[in-house]
1. Can we say residue 40 is at pLDDT below 85 and over 17 Å from the mean Cα position of the chain (by Cα)?
2. Could you tell me which residue of the range 43-60 is farthest from the chain's Cα centre (by Cα), considering only residues that are modelled with pLDDT under 85 and of a type in the set (S, T, N, Q)?
3. I'd like to check which strands (runs of 3 or more DSSP E) are fully inside the range 49-105 and have at least 1 residues that are among the hydrophobic types (A, V, I, L, M, F, W, C) and open to solvent by less than 30 Å² (accessible area, probe 1.4 Å).
4. Starting from the range 1-14, take each residue that is without any contact (Cβ under 8 Å) to a residue 24 or more places away in the chain and list its partners that are open to solvent by less than 80 Å² (accessible area, probe 1.4 Å), counting only C-beta distances under 6 angstrom and pairs at least six apart or across chains.
5. Do we find that residue 32 is touching a Gly at 6+ places or on another chain (Cβ under 7 Å), surrounded by 14 or more Cβ atoms within 10 Å (Cβ to Cβ) and at pLDDT 75 or above in this structure?
6. How about the range 2-29: which of its residues are at pLDDT below 95 and crowded, with 16+ Cβ neighbours inside 10 Å?
Amino acid sequence: VVCHNVLMDVDDLQVSVGEAARVLAPGGRLFVGIVHPMADHHFLRTEGRDPSPYFETHYLDVAVETRGVPMHFRAWRRPLSAYFGALTEVGLLVGRVAEPLPDPDHPWTQNATRWHGLPLFFWIEARRPAGEAA
């Protein structure tokens, strides 16, 4: 099961993770990709907004304009522990995590200096233990 940029948008994280775990066969894997919570924190600060404390879950609803393009961002800001808690609560085992680094030679990375040195995304691989039915 792949949840790419999904779990930060669902209202009920536990129900969504539970449903993903339910359909996994024994030994099956769940891949999660989210916007890193610290990226949201940094984004709010650079927009002149006061971010909520990291360890609290809050709904992000922000309208911005960048280079004349209006954008509206809506998502749940949760600490990483909320994601790990949801995964382990349904019996999944976390195998790997990653905070991928952007390609320093990519033009977007070179133009987005306010993001240098910050984690933008977070990836998790979890699996249902072999021999365990849903």
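The values are calculated or read from the model by the stated rules, or taken from the named source; none is laboratory data. This is a predicted model, so every value here is computed, not measured. A quick note on method: Cβ atoms are made from the backbone with ideal geometry, for glycine too, and the neighbour counts reach across all protein chains shown. In case anyone asks, the SASA skips ligands and DNA or RNA and just uses the protein heavy atoms, side chains included. Shrake-Rupley method; radii C 1.70, N 1.55, O 1.52, S 1.80 Å.
1. No, not satisfied.
2. That would be 46.
3. Correct list: 58-66, 69-77.
4. Qualifying pairs under 6 Å: none.
5. When the stated conditions are applied, residue 32 does not pass them.
6. Within the range 2-29, just 8 meets the criteria.
Yes/no per residue for (1) at pLDDT 85 or above; (2) in contact with a Ser or Thr (Cβ under 8 Å, 6 or more places away or on another chain):
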{"position": "62", "(1), (2)": "no, no"}
{"position": "78", "(1), (2)": "yes, yes"}
{"position": "81", "(1), (2)": "yes, no"}
{"position": "97", "(1), (2)": "yes, no"}
{"position": "101", "(1), (2)": "no, no"}
{"position": "107", "(1), (2)": "no, no"}
{"position": "112", "(1), (2)": "no, no"}
